[in-house]
């Protein structure tokens, strides 16, 4: 059997703290702390930076945790395979960043489950920075997100999926939809609500403010849960980002207006990201295929 300290190590990396790791694997915090410390002494380097906000992987630690997580996953699949001949059986851990993109998985997951009923889904949303860490240390099997955000990581493989078309929106009666159409420069006087402060949305919104000499940190909300975005935009002069799929629904057109004449966003390339050095298991390959096949996603108000 594998060294149990590896399980402690991977749990800390995935949970982000020693306390949360102990709760997740059902042991005491002191056992986790001692196990990780013993392993670090044996390795001769620190796997984690201990901070007041939790445990962060060091550069060497990240590489070690990747291998440890792979060993544990392989061992788990090997043992499971002795009693189940279905290569798709088990848990498929899917990350989404930003979390507001989870709606893109509605049809693909339903279709995948209909073809492989023994598969189990574990879907989690997070910030891009956190999701990369989870993907690289094996806490998620595949991550769905904006291709531009993942492109800086050469150890990740990116499989393309249908583009995301977005635009800006405001509440009906907003000052920006008066007699004279607003310009991009005029938008700098309003707050923005962005699903992410990383590329592509964050960079474009920051440029709107910086071009007018406005400090963007004082004006930008970063919220990736669309019902909250919708409420803030509906009750203030804030400007939000919406997908064209959402914008086509009747509930949206009743309460909101698009600023699509400005078109600050190009269609966003999206991808399914996996670890390049690890062979994707059948469930991951099937998931990527289902996402790529779902070229048109249609939602109604019941989906929100």
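Any read-out appearing in this document is the output of simple, stated calculations on the displayed coordinates, not a laboratory observation. Remember, it's a predicted structure, so these values are computed and weren't measured experimentally. Virtual Cβ from ideal backbone geometry, glycine too; neighbours counted across all protein chains shown.
Between residue 203 and residue 91, the C-beta separation translates, for a Förster distance of 45 Å, into a calculated FRET efficiency of about 0.80. The alpha carbon centroids of region 172-239 and region 95-163 are separated by 27 Å. Beta bridges per DSSP, both residues in the chain: antiparallel share near 60 percent. To the nearest ten degrees, helix 59-81 and the longest principal axis of the Cα atoms of the chain are 70 degrees apart.
Counting only the backbone N, which residues of region 144-188 are under 15 Å from the spot 7 Å out from the Cα of residue 255 toward its beta-carbon? Counting backbone N atoms under 15 Å from the label point, the list is 169-174.
What ranking do 114, 249 get, fewest neighbouring Cβ atoms within 10 angstrom at the top?
Values: 114 8, 249 16.
With the sparsest Cβ surroundings first, the list reads 114, 249.
In what order do 135, 262 fall by count of nearby beta-carbon atoms within 10 Å, going from fewest to most?
Values: 135 25, 262 18.
Arranged by neighbour count, lowest to highest, 135, 262 become 262, 135.
Mind pulling the angle between the C-alpha long axis of helix 29-43 and the longest principal axis of the chain? Nearest 10 degrees, somewhere in 0 to 90. Between helix and principal axis, roughly 70 degrees.
How much mean residue ellipticity at 222 nm does the chain get from its helices, if each DSSP H run of length 4 or more adds -39500 (n - 2.57) and you divide by all residues, to the nearest 500 deg cm²/dmol? When only DSSP H runs of four or more count, the value is -12000 deg cm²/dmol. As a length-normalised measure over Cα pairs under 8 Å and 6 or more apart, the relative contact order of the chain settles at 21 percent.
Straightening the chain between residue 31 and residue 58 buys 7.6 nm, computed as 0.36 nm per residue apart minus the Cα-Cα spacing.
If each residue of separation counts as 0.36 nm, what is the full-extension length gain between residue 121 and residue 23 once their alpha-carbon separation is subtracted? Spell out each step's value before the answer.
Values: separation 98, 0.36 × 98 = 35.28 nm, distance 2.15 nm.
The residue 121-residue 23 span can extend by a further 33.1 nm.
The calculated FRET efficiency for residue 71 paired with residue 225, based on their beta-carbon distance and R0 = 35 Å, is about 0.50. Per residue, the convex hull around the alpha carbon atoms of the chain comes to 152 Å³. Cβ crowding within 10 Å ranks 225, 88 as 225, 88, fewest other Cβ atoms first. Roughly how tilted is helix 4-15, in degrees to the nearest 10 and between 0 and 90, from the longest Cα axis of the chain? Roughly 10 degrees between the two axes.
Averaged over every viewing direction, what's the projected area of the C-alpha convex hull for region 1-83? Give it in nm², one decimal, please.
Working: hull surface 22.0 nm².
Spelled out: convex hull of the Cα atoms, projected over all directions, averaged, 5.5 nm².
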